[in-house]
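Written out below as structure tokens is the structure these notes cover.
Please treat every number below as a calculation from the coordinates, not as lab data. None of these values were measured; they are calculated from a predicted model. Cβ coordinates were reconstructed from backbone atoms using ideal geometry, including for glycine residues, and neighbour counts include every protein chain displayed.
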There are 2 protein chains.
Amino acid sequence: MFLAKIHVTLKPTVNDPQGLTIARALGRLDFDSIESVRAGKYFEVKINGDDETSVGSDVKTMCEKLLANLVIETYTYELEAI
Amino acid sequence: MFLAKIHVTLKPTVNDPQGLTIARALGRLDFDSIESVRAGKYFEVKINGDDETSVGSDVKTMCEKLLANLVIETYTYELEAI
């Protein structure tokens, strides 16, 4: 079995209102040294299977079909045998 | 300057409707080998500062005050000098 750790983040050029709001909120909480905040999503998916290559290609398809909106987001993943 | 990569995830015992919904949706997309999905949040925070210890303690306070709800969530972070 594999654990896929998937990060989905907005592309750097895409405006991130959630991140901006968090940055402002941190400013109000007296964190003065914040330069920027980008918010993203994180998924941990447990997948049955023994072949890392085929599981990896499944994860890629999952991200492209469901988890990430490739117009505005990018994804990265790591696989860990468990 | 440091880049803090912060993961906020639900505690393992907490029900995760978003993850369950994603798992079901993946099933409908013919991914038959999904064992479970847990959904979480991911933040990239750029913080001015030279002292890793003090930046780290700031990140901890940020997570505890704003980013994570410690009743149901846990957080982890990594610092990377940039």
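In peptide A:71-82, what is the residue-averaged number of other protein chain Cβ atoms found within 10 Å of each Cβ? Mind showing how you got there, number by number?
Details: counts 0, 0, 0, 0, 0, 0, 0, 0, 0, 0, 0, 1.
Mean shielding by partner chains, rounded to a whole number: 0.
Across the residues of A:23-35, average count of Cβ atoms on other protein chains within 10 Å?
On the way: counts 2, 0, 4, 8, 0, 1, 4, 2, 8, 2, 9, 7, 9.
Mean number of neighbouring Cβ atoms from other chains: 4.
Inter-copy label distances at B:P17, 7 Å along the Cα→beta-carbon direction, one decimal in nm, shortest first?
Ordered by increasing distance: 2.2 nm.
Other chains' Cβ within 10 Å of A:61-67 residues: what's the mean?
Numbers: counts 4, 7, 0, 0, 5, 6, 5.
Neighbouring Cβ atoms belonging to other protein chains average 4 per residue here.
Which entries in A:K60/B:K46; A:K46/B:K11; B:K11/B:K46; A:K65/B:K41; A:K65/B:K11 show an alpha-carbon gap greater than 23 Å?
Details: A:K60/B:K46 28 Å; A:K46/B:K11 16 Å; B:K11/B:K46 26 Å; A:K65/B:K41 20 Å; A:K65/B:K11 27 Å.
A:K60/B:K46; B:K11/B:K46; A:K65/B:K11, as the Cα separations exceed 23 Å there.
Any idea what the A:K65 label distances to the other copies are, label 7 Å down the Cα→Cβ vector, nm, shortest first?
4.5
Mind pulling the angle between the C-alpha long axis of helix B:52-62 and the longest principal axis of chain B? Nearest 10 degrees, somewhere in 0 to 90.
Compared with the principal axis, the helix lies near 50 degrees.
Can you give me the three principal axis dimensions of chain B from its C-alpha atoms, in Å, biggest first?
49, 28, 15
Taking each label point as 7 Å beyond Cα in the direction of the beta carbon, state the distances from A:E35 to the same residue in the other copies, shortest first, in nm.
For A:E35, the inter-copy label distances come out at 3.9 nm.
Compute the acute angle (0 to 90°) between the alpha-carbon long axis of helix A:17-28 and the principal axis of greatest extent of the alpha-carbon atoms of chain A; round to the nearest 10°.
Rounded to the nearest ten degrees, it is 50.
Can you give the convex hull volume of the alpha carbon atoms of the protein assembly as shown per residue, in Å³?
Numbers: hull volume 20.3 nm³, N = 164.
So the per-residue Cα hull volume is 124 Å³.
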